[in-house]
1. Looking at this model, which pairs from LYS181/LYS282; LYS3/LYS282; LYS172/LYS228 are more than 28 angstrom apart at the alpha-carbon?
2. Beyond 18 Å, what share of the Cα-Cα pairs of the stretch 18-131 is found? Please give it as a whole percent.
3. Tell me, what is a quarter of the convex hull surface for the C-alpha atoms of the stretch 4-252, in nm² with one decimal?
4. Taking amide H positions as placed in the peptide plane 1.01 Å from N, state which residues far from LYS228 in sequence (5 or more) or on other chains have amide H under 5 Å from it.
5. Can you give me the three principal axis dimensions of the stretch 112-237 from its C-alpha atoms, in Å, biggest first?
6. Determine, from the Cβ-Cβ distance of GLN169 and GLN318 and an R0 of 51 Å, the FRET efficiency 1/(1 + (r/R0)^6), rounded to the nearest 0.05.
7. Using 5 Å bins from zero, what percent of all Cα-Cα pairs in the stretch 156-206 falls into each bin?
8. Determine ³J(HN,Hα), in whole Hz, for all residues of the stretch 323-332 in sequence, where each value follows from phi through the Karplus function 6.51 cos²θ - 1.76 cosθ + 1.60 and θ = phi - 60°; x replaces Gly and Pro.
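Readers should treat all values here as calculations from the given coordinates under stated rules, not as data from a laboratory. Everything numeric in this text was worked out from a predicted model, so none of it was measured. Please note: Cβ atoms are built from the backbone with ideal geometry, for glycine as well, and neighbour counts cover all protein chains shown.
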Amino acid sequence: MEKSLDRKLKMIHADPSGSKEFIIADAKDADMAFGMRATGLSPERHDQELRFKTLAEYREQIRAVIRQEIVDIVLMSASTSEVLTIQERLFDDSPVTPAARANDATDVHLPRGGRTHTEPAHPFRTASLDHIQCGRIDCTAEDRLHGADLGLYSVTFNNQLDLDLNTLQRYKEFREEAERKGFRHFLEIFDPNVPDAVPPDLTPGFINDLIARTLAGVTSSGRPIFLKMVYHGPRALEELVAYDPHLVVGILGGSAGTTLDAFQLIHDAQKYGARVALYGRKINNAENQLAFIEFLRHIVDGVVSPSEAVRAYHAVLQKLGIRPHRTLEDDLTLQSAVMSYGGNGRTVSLPAGRKVKSVTAQATAEMSHDDDVPDFSSISAEDRLKYHQQRLNRIFGE
């Protein structure tokens with residue numbers, strides 16, 4: 001089966017300025033950062049105490065996302081990819097592409113009580129490419145077809161000569177090994193993880209320049225298929241996209257934040273030139289991950305606005321009997337500075353707007369078929385909201 005990722009990349013490169021294709025990835029690799037906390041909190045309570053979901057529960061959520069076939073990539077740890085990609089063969093007949101985290105530098109080492117992530121990042125790789133591709137230390141050419149052929153490689157520059165040079169050297173070694181073994185990668189560029197490495201107003205330019213400088217010496221066979229980076233706002237994103245239209249830019253989601261936080265970020269990033277979004281905690285901490293993903297896709301397809309999507313998402317939760325983490329009013333707020341693994345941000349309130357109205361039985365009957373898609377450019381926001389409420393109700397049940 002053709003992978004949606006490959007099809008979309010072809011279309012983007014065929015028409016970089018005109019293509020409307022947008023790639024969404026679910027980043028389920030956080031066990032390589034947070035350990036047991038990566039799975040998220042279980043909705044169950046034991047003697048009024050919270051517990052984390054088990055690894056088995058976490059992987060079952062990933063299976064559901066794969067079966068949904070809306071995201072283009074599922075990014076996993078090498079151990080989870082071995083189970084789902086090599087042993088269970090879940091991606092064989094799926095348009096979704098499996099990927100694995102190919103390195104885990106020290107700025108994503110985040111155990112409870114840990115301090116490593118507060119010091120300048122050092123490159124490190126737990127997984128080998130052979131383990132990702134076939135589950136063993138040495139793969140044959142045929143074996144390499146069994147596992148994932150795509151991985152994330154992460155770099156963090158802190159404006160320190162020895163550390164940054166070592167980061168570049170390790171990335172060079174990875175690229176050469178990957179090219180020899182037929183392994184593709186996308187490049188994650190974190191902002192500096194230590195204070196005062198670069199003045200805040202210069203950070204966007206610092207990152208853009210380092211991307212261009214780092215990749216200038218890399219020919220097409222060794223280049224990343226796309227980037228994953230912090231969204232620094234319209235000006236910085238437009239500068240990078242304009243510099244090289246074939247450098248496919250993706251944004252990372254960062255901390256969970258509010259639902260509007262997630263929906264507005266993907267909307268704005270797409271508006272100013274991003275073609276990929278990789279959301280980890282924003283999806284994993286959602287009350288209903290599949291509904292949340294549905295709305296991400298509707299937003300990038302131009303079907304619904306971010307605020308409309310928040311209201312419709314809350315309506316879906318209500319229908320499913322799921323208690324939201326926040327009230328609708330609180331969920332219609334934006335948080336800033338939530339992009340780093342350990343970051344916190346101040347909260348800025350936005351108008352909550354009108355409340356979601358109940359969808360009537362008549363509207364349910366009128367919108368009972370998926371192929372009865374209205375012309376969204378000619379109907380009101382309220383009618384768009386009703387349509388998506390009903391569609392999601394049919395998918396997830398009344």
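1. Values: LYS181/LYS282 33 Å; LYS3/LYS282 24 Å; LYS172/LYS228 18 Å.
As for pairs spanning more than 28 Å Cα to Cα, those are LYS181/LYS282.
2. Details: 3725 of 6441 pairs.
Cα-Cα pairs in the stretch 18-131 separated by more than 18 Å: 58 percent.
3. On the way: hull surface 60.0 nm².
Averaging across all directions leaves 15.0 nm² for the Cα convex hull.
4. Correct list: LEU187, GLU188, ILE189, GLY250.
5. Taking the Cα atoms of the stretch 112-237, the three principal extents are 49, 38, 26 Å.
6. On the way: r = 53 Å, r/R0 = 1.05.
Efficiency for this residue pair is about 0.45.
7. In whole percents, the pair-distance histogram is 4, 18, 22, 20, 15, 11, 6, 3, 0.
8. Karplus-based 3J(HN,Hα) across the stretch 323-332 equals 6, x, 5, 9, 5, 4, 4, 5, 6, 9 Hz.
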